[in-house]
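Below you'll find the structure, written out as C-alpha cells, and then a few comments.
The values are calculated or read from the model by the stated rules, or taken from the named source; none is laboratory data. No experiment lies behind these values; they were computed from the predicted model shown. Neighbour counts run over all protein chains shown; Cβ positions are idealised from the backbone, glycine included. Keep in mind that these areas ignore ligands, DNA and RNA; they rest on the heavy atoms of the full protein, side chains included. Shrake-Rupley method; radii C 1.70, N 1.55, O 1.52, S 1.80 Å.
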Amino acid sequence: MKLIIEDILQYVQENVFISDLKIEDVASCFGYDKYYFSREFKKITGYSLNEYTSSIKTEKAIEMIQSKKNVTTIQSSVGYSSSGSFSNTFKKYTGSSPKQYMGEMNTLYSQVKNFETSASKSLDYYESSHNSFCHVKIDVPGHFQSGIIFIGLFNTPIPNHKPIVGLATKSMNLNKLKNIPDGDYYLLACAIDASNNILSYFHLKNCLRGKINEKLSFPTCNGSHYTINLRPRISEDPPILINVAKLLVSVLKKDHNVE
C-alpha cells in the first residue's frame, strides 16, 4: 500500500505546531504500521519524518526571528521545551544559533547586496579539490528579473545543511559545479529576486526553487549537463533553511575564485 505522500505532508504541516507529532501517531492516522511508514516515508521523500518536522519548525523560527521576537518566545512557539535542543537544532540547520542569526542579518545582507551589484558573475563553494564536475542550466519564469541563483549538491532533498559543493551565480547558462567528491547527491537550486527587503535573503519560503528528481552519483555523472526549471513553492516542498547569505559571505572571506 503506497503512501499518499501529499496528504501526509499536508497533515504534518497543519499539525506540527499543535501537538508533538510522533511517527507512530502520523502512521496510525493514515492506517500504517510505524516501521513500514518510516521506511516508505524516507524512501519516497529522501528524508525522515523527524528531519521534516524539525525543518518546518526551524523555518517558522527564522520567520519569527525576522519579526524581532525574543528567543524564548520563538522556542515555545515552535514546540521546543528545551532551549538547548532548540538552539542546537537551529544551528545545525542554519549554521548559527538563534541569537547569532539575529545579530548577523544586517551585515550579511549588506555584503550579499555588494555581490549582487558587483561585476562578478559567480562564486564557488567547496571544501576540497576533486576531479568531478557538472554543468547546470537554469530556466526561470518570466517574472524573475534579476537576483542571485544558488545551486548546490546536497546529501538530502532538504537544503538544511551546507552543500557539498555550491555556486552563487547571476547567470542562467554554463554554470559549472566543480570539485565534486565521489558520492550520491541531490542537485537543488533556488533564486532570490533582487530586493531592498532584508527578509527576502533569509526567509526563503517564497523564493523560486527546483531540483533534479533523481539522485546523482559521482564520478559516474562527471561532465553531465542538467537543466533545472525553477518554479514557485508548492505545498509539499520542504523548507529551504540554509543561510545562503552566510554561506556566500564565508566564501568571500576564504577568498575563493570569483569569475
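So the values come out like this:
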{"item": "Alpha carbon Rg of segment 146-259, scaled by the compact-globule rule 2.2 N^0.38 Å", "result": "1.03"}
{"item": "MRE, 222 nm, helices only [DSSP H, n ≥ 4, -39500 (n - 2.57), over the chain, to nearest 500]", "result": "-11500 deg cm²/dmol"}
{"item": "Per residue, in Å², the accessible surface of segment 9-115 once ligands and nucleic acids are set aside, probe 1.4 Å", "result": "51 Å²"}
{"item": "Segment 4-101: Rg to Rh, with Rh as the Kirkwood radius over Cα pairs", "result": "1.01"}
{"item": "Accessible-area composition of segment 122-229, carbon plus sulfur, in percent [1.4 Å probe]", "result": "46 percent"}
{"item": "Subset of LYS99/LYS176; LYS68/LYS176; LYS91/LYS113 violating a 31 Å alpha-carbon distance limit", "result": "LYS99/LYS176; LYS68/LYS176"}
{"item": "Square roots of five times the Cα gyration tensor eigenvalues for segment 214-258, Å", "result": "24, 22, 10"}
{"item": "Two-site FRET efficiency, TYR35 against ASP182, from Cβ-Cβ distance with R₀ of 25 Å, rounded to 0.05", "result": "0.20"}
